[in-house]
């Protein structure tokens with residue numbers, strides 16, 4: 001509905017209100033009318049109603065109840081939050097192993113990257129293609145290996161450690177597009193044509209949603225396609241887009257013109273075969289990034305560019321809904337990547353790059369004895385400071401929880417369940433945790449973190465790998481060099497503030513709004529009291545509030561490997577979630593028309609969503625445990641304590657700080673299980689201006 005149409009919209013009677021609950025088109029008009037009644041501007045109404053329709057439509061592309069919403073307003077099963085175990089088929093496991101070994105060999109030989117073009121070397125990509133790397137997530141009937149989404153988390157973590165840009169390339173190719181959209185919405189003809197080429201590595205895939213000025217609000221898309229005979233004529237700009245290389249394939253999310261579609265419901269998806277070179281109708285310019293700089297990221301313009309109408313992907317008018325469904329699956333990848341980088345930061349502080357303990361020809365392992373061990377402050381190693389230990393312990397806890405949240409995203413997506421709230425929780429929680437760990441690592445390393453990374457600068461200037469003797473006298477700076485990379489994660493797949501203050505509250509309350517608030521709003525728009533609708537909403541609130549008082553809410557049936565601590569923490573998390581559901585209802589009941597207040601109270605920075613992030617992190621992590629190992633139980637206790645304190649709006653207690661510090665001591669101890677499992681196999685970069693090697697630099 002356009003703003004002008006909204007101004008002239010007639011009153012909606014009871015019959016129309018009844019129809020609106022079953023008709024998707026009418027539901028947007030309902031939302032628009034209520035937003036207008038609540039004082040939103042015409043532009044806001046058009047934008048929010050469009051996004052709401054896309055959200056609702058996306059829900060119908062999935063099956064099953066979202067476990068997070070069930071845990072807030074009903075009796076959830078803890079087993080629904082179990083991310084499961086890594087269990088790839090023999091073919092998938094073999095392809096993963098051979099691909100990782102190949103990448104490690106090329107990294108060791110200095111042939112992984114093309115420093116002249118700032119890309120992965122052509123031989124790296126062609127070698128991976130021969131191994132089946134690009135077809136891992138594509139079903140076997142289309143030439144791939146048929147890996148399930150739940151099997152790809154460990155691979156993404158390993159790719160992040162080898163080179164984070166490779167993990168992003170793999171994620172964009174498989175999770176965002178075109179593989180997932182074509183599998184979900186494509187015709188058999190489209191699948192049979194594109195997916196085998198993607199599986200063979202002949203087509204690198206990309207996904208184009210964002211535009212200049214269109215990121216957080218995709219309802220403002222300006223790239224358009226109009227139908228002329230058997231073709232679509234496309235005009236507009238996409239920017240910035242990762243992986244959109246010449247000769248690749250890209251999923252375009254755009255507006256369809258001339259299709260008799262209502263404004264706000266006129267989006268579509270097109271499969272776009274990127275031309276091999278610029279032309280009169282297509283021009284692309286590579287973006288020079290300060291993060292992910294070995295990826296091809298570009299902006300491109302289409303001017304009256306023609307593509308066959310058969311390239312339309314899915315039904316007309318559903319482009320945004322389809323994009324939202326793909327984004328929900330892609331958030332798991334960012335979560336897994338963020339967890340891996342958190343552990344890399346810990347390894348950078350703890351392991352000694354000058355003291356390798358082993359070398360198998362592909363990868364080195366280092367002894368503990370890095371910065372936190374030899375850097376002295378007031379006569380003691382900085383790692384003995386309780387504050388530093390607590391920082392590292394909290395990073396361990398949040399990194400492990402982030403990893404489990406990402407794996408759960410993949411499992412739910414593979415099972416056809418759209419738990420949009422959980423996906424947003426996973427993305428926001430993990431990226432905030434990574435950013436906090438990066439800032440604290442920066443502070444621990446101190447002023448040398450701002451030094452230029454001379455090694456990387458020299459590599460780029462001379463466009464070649466450096467041999468060890470010539471690199472020895474050049475200052476490295478892993479943390480300072482990559483701060484943009486640690487920060488950009490909070491923006492990809494939706495900026496954190498937008499997800500936390502707009503997206504998540506919308507997802508958490510959509511069912512309530514649809515079933516209870518819209519009938520109330522329609523009645524008020526028509527000048528009626530709406531007593532019946534209000535009574536239904538009041539009864540819903542009353543029953544849910546009473547239910548939230550039950551500490552035994554939720555089911556623990558089906559929990560794998562149950563042991564007392566696991567069941568205790570899972571039960572506490574389910575109980576917390578039900579209390580948060582009560583908070584949501586009371587906030588909505590009190591602030592039905594004050595959207596700003598709702599945004600603050602339901603969103604981030606102490607709002608319900610912030611509390612839910614910590615509660616779900618605690619729940620999903622403890623369900624991932626197969627045995628009651630003491631060190632991992634310490635993490636479970638810390639996550640549970642933190643979630644309980646955040647839920648009450650309380651600061652970390654001394655008891656929680658001591659627990660974090662104890663976990664921090666464990667991660668620094670080479671004999672501990674946490675150290676051996678999480679950081680012992682991570683290669684680390686030289687310490688910037690390592691004071692033990694001062695003669696090299698002076």
Self-check item: Considering residues of segment 270-294 that are touching a helix residue (DSSP H, G or I) at 6+ places or on another chain (Cβ under 6 Å) and at pLDDT 95 or above only, the residue nearest to residue 483 (Cα to Cα)
Solution: 294
Quiz item: With respect to the numbered conditions (1) surrounded by fewer than 19 Cβ atoms within 10 Å (Cβ to Cβ); (2) under 23 Å from residue 430 (Cα atoms); (3) not assigned by TED's automatic domain parsing to the domain that holds residue 419, which one is the sole condition not fulfilled by residue 488?
Solution: (3)
Exercise. Just need a number here: residues in segment 412-429 that are in a helix (DSSP H, G or I) and at pLDDT below 90.
Key: 4
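Would a scan of segment 165-182 turn up a residue that is farther than 21 Å from residue 328 by Cβ and modelled with pLDDT of 95 or more?
To start, the set of residues in segment 165-182 that are farther than 21 Å from residue 328 by Cβ comprises 165-166.
Then drop every residue that is not modelled with pLDDT of 95 or more, which leaves 165-166.
Yes, because at least one residue in segment 165-182 is farther than 21 Å from residue 328 by Cβ and modelled with pLDDT of 95 or more.
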Quiz item: Out of all the residues in segment 368-376, is one or more in a loop (DSSP other than H, G, I, E, B) and closer than 21 Å to residue 678 by Cα?
Solution: yes
Quiz item: How many residues are in contact (Cβ under 8 Å) with a residue 40 or more places away in the chain and surrounded by 15 or more Cβ atoms within 10 Å (Cβ to Cβ) if we restrict to segment 624-645?
Solution: 14
Quiz item: Out of (1) outside the structural domain of residue 546 (by TED's automatic domain parsing); (2) at positive phi; (3) surrounded by fewer than 17 Cβ atoms within 10 Å (Cβ to Cβ), the odd one out for residue 605 is which?
Solution: (1)
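Would you tally the residues in segment 118-139 being in a helix (DSSP H, G or I) and within 22 Å of residue 332 (Cβ to Cβ)?
We begin by selecting, within segment 118-139, every residue in a helix (DSSP H, G or I); these are 122-131, 133-135.
From what's left, within 22 Å of residue 332 (Cβ to Cβ): 128, 133-135.
Summing the residues that are in a helix (DSSP H, G or I) and within 22 Å of residue 332 (Cβ to Cβ) in segment 118-139 gives 4.
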Self-check item: Index of the failed condition, residue 377 passing every other in (1) modelled with pLDDT under 95; (2) in contact with a helix residue (DSSP H, G or I) (Cβ under 8 Å, 6 or more places away or on another chain)
Solution: (2)
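The values are calculated or read from the model by the stated rules, or taken from the named source; none is laboratory data. Keep in mind that what you see is a predicted model, and the values were worked out from it rather than measured. Ideal geometry is used to build each Cβ from the backbone, glycine not excepted, and the neighbour counts take in all protein chains shown.
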